[in-house]
Amino acid sequence: MQHYCEEELKFCQALPKIELHAHLNGSLRDATIRKLAIKRQLDPSLTKLIEKGDRTLSECFKLFDVIHQITTDHETITGIASEVVEDFAADNVRYLELRTTPKTRSEHGMTKRSYTEAVLKGMQEAQGRQRASKGRSIAVRLLLSIDRREDAAAALETVQLAAELQSRGVVGIDLSGNPTLGQWSTWEPALQEARRQGLKITLHAAEVYNPAETEAMLHFRPDRLGHMCCLDERLEALHYSTGIPVELCLSSNIITESVASYPEHHFHPFYSAGHPVILCTDDSGVFSTSLSKEFAIAAQAFQFSRLQLWQISEAAIDHTFLNEEEKQDLRKEFENARLKLQAEKCS
Ligand SMILES: [Zn+2]
C-alpha cells in the first residue's frame, strides 16, 4: 500500500532538504548490494531478498547481515560512501550528515581509522564529482557511531578518532545498535570526552521502553536524539522541557514495528507542541525509501500544507552540527531555491 500521493512526491523532490539521520550501510542501493553479493559469491537465495522492495522486519535484519558480509575492503567502502552521497544529492538533499560505525577487520587489514578514511575518501570523491558536473551541490559531514555492543575502551577509541579527524569533516558522535544490549554507563565517559573535544552528540534513544536509560540520556543533554518512540508521560514531559531536537524516521519506525501506523506516529504530537523535529530516513536502502518519500508520507499522514513541509525542511538547518556561518550559507541556498521555484511557477 502506498502511503503518499505521486503529485506530492514531485513537490517533495523539488524541495531542498537536510538529512541528519542516515546510516551509511543502510542507505545502500539494492543494485549495489546485489552486485557485491554476486562478486563475493554469497548464497544465491539472497538475491530474491535483495530484489524485494517491501521488506518485513526479519528480511530487513537479514539484509543488514548481507551488507555486513559484503563491505569488507577499503575500495568497497569508498565506493558505497560515494554512491550514497550521490543518491542523497539526486534526491535534492543539500546537506547530509552520514553516520557509520568504524570497523576493525584485521583479516582484511582494516582498522577503525583506515575504515573511516575510506568513508571520507568516498564522500569527498562524490562531492568533487557533483561540483565538477555543476549539478546540485551537496555538503556532507560524518558522524562516527559507537555500537552498543562496544565496551568503554572501544567507545573511547572511536571518540579519539573522531576528534583527530574533525578537520576532515567528522563533526560528531552517535550511539546506536541493538537497543536491548549494553548499559548507558559503559559509553557515558567516552561521550563526555567527545563533548570535551568539541564534538556534537546524538543518541538513538527510547527505541524500546527503558525509562532509566532514557532519563539518564536526557540528563546528559545530547545535541540531538533519535527516535524517542517509547516514552511514558513523565519522560515525554522531561524531553519537552529539555528542548532537545529529535530525528524522526517514519518508515523505519513502521517497518521495525515501533509505531503502529503513520497517522499515529509521534512526529505529529512533537510537531504540534512546537518541539524541534527533523524528518530523516534512517536506512533509505533497506527500508526502500528516500527523504522526499518521507516528506510525502508526512504530508499525507498529518495533512501538512506545502508551506509546512517547506518550513519543516528549512528548520532542520538550525539543528545541523555545522557552525553558524555554514548554517547561514545553507539558509541562503534555501532562499535561492525558493525564489527559483517561485520563478518557475510564474513562467
Ligand atoms: Zn538510526
Legend entry - 11 Å beta-carbon shell around Glu86, net charge (K/R +1, D/E -1): -1
Inset, instruction - With a Förster radius of 41 Å, plug the Cβ-Cβ distance of Glu325 and Glu193 into 1/(1 + (r/R0)^6) and report the FRET value to the nearest 0.05. - result: 0.95
Inset, instruction - Would you mind calculating the relative contact order of the range 1-139 from Cα pairs under 8 angstrom and at least 6 residues apart, reporting the percent as a whole number? - result: 31
Inset, instruction - Sort Ser82, Ser185, Ser45 so that the residue with the fewest other Cβ atoms within 10 Å of its own Cβ comes first and the one with the most comes last. - result: Ser45, Ser185, Ser82
Legend entry - Extension gain (nm, one decimal) between Thr242 and Ser305, 0.36 nm per residue minus Cα-Cα: 19.9 nm
Inset, instruction - Using the structure shown, list the pairs from Lys112/Lys200; Lys134/Lys340; Lys17/Lys293; Lys48/Lys112; Lys17/Lys327; Lys10/Lys293 with a Cα-Cα distance above 21 Å, or answer none. - result: Lys48/Lys112
Legend entry - Alpha-carbon centroids, the range 24-47 and the range 195-225: separation in whole Å: 33
Legend entry - Packing-based exposure ordering (other Cβ within 10 Å, fewest first) of Glu294, Glu8, Glu75: Glu75, Glu8, Glu294
Inset, instruction - Sticking with the crude label model, points 7 Å out along Cα→Cβ, report the distance from His219 to Arg129 in nm, one decimal please. - result: 4.8
Legend entry - Theoretical ellipticity at 222 nm over the chain - DSSP helices of four or more residues, -39500 (n - 2.57) apiece, nearest 500: -16000 deg cm²/dmol
Inset, instruction - Under 1.5 on a/c is rounded, so check that first for the range 6-337, then, if it is not, pick prolate when a/b is larger than b/c and oblate when it is not; a ≥ b ≥ c are the square roots of the alpha carbon gyration tensor eigenvalues. - result: rounded
Inset, instruction - Give the shape of the range 184-335 as rounded, prolate or oblate, defined through the alpha-carbon gyration tensor: a ≥ b ≥ c are the square roots of its eigenvalues, a/c under 1.5 means rounded, and otherwise the shape is prolate if a/b is larger than b/c and oblate if not. - result: oblate
Legend entry - Mean-position separation - Cα centroids, the range 55-98 and the range 259-298, in angstrom: 20
Inset, instruction - Rank these for me by crowding, Leu9, Leu175, going from fewest to most other beta carbons within 10 Å. - result: Leu9, Leu175
Legend entry - Percent of beta bridges antiparallel (DSSP, the chain, rounded to nearest 5): 5
Legend entry - Helix runs (DSSP H) in the chain reaching 15 Å along axis by Cα, Kyte-Doolittle at least 0.5: 57-70, 152-164, 291-302
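Coordinate-derived values only; no laboratory data. Everything numeric here is computed off the predicted structure, so don't read it as measured data. Positions of Cβ are generated from backbone atoms using ideal geometry, with glycine treated the same way; all protein chains shown enter the neighbour counts.
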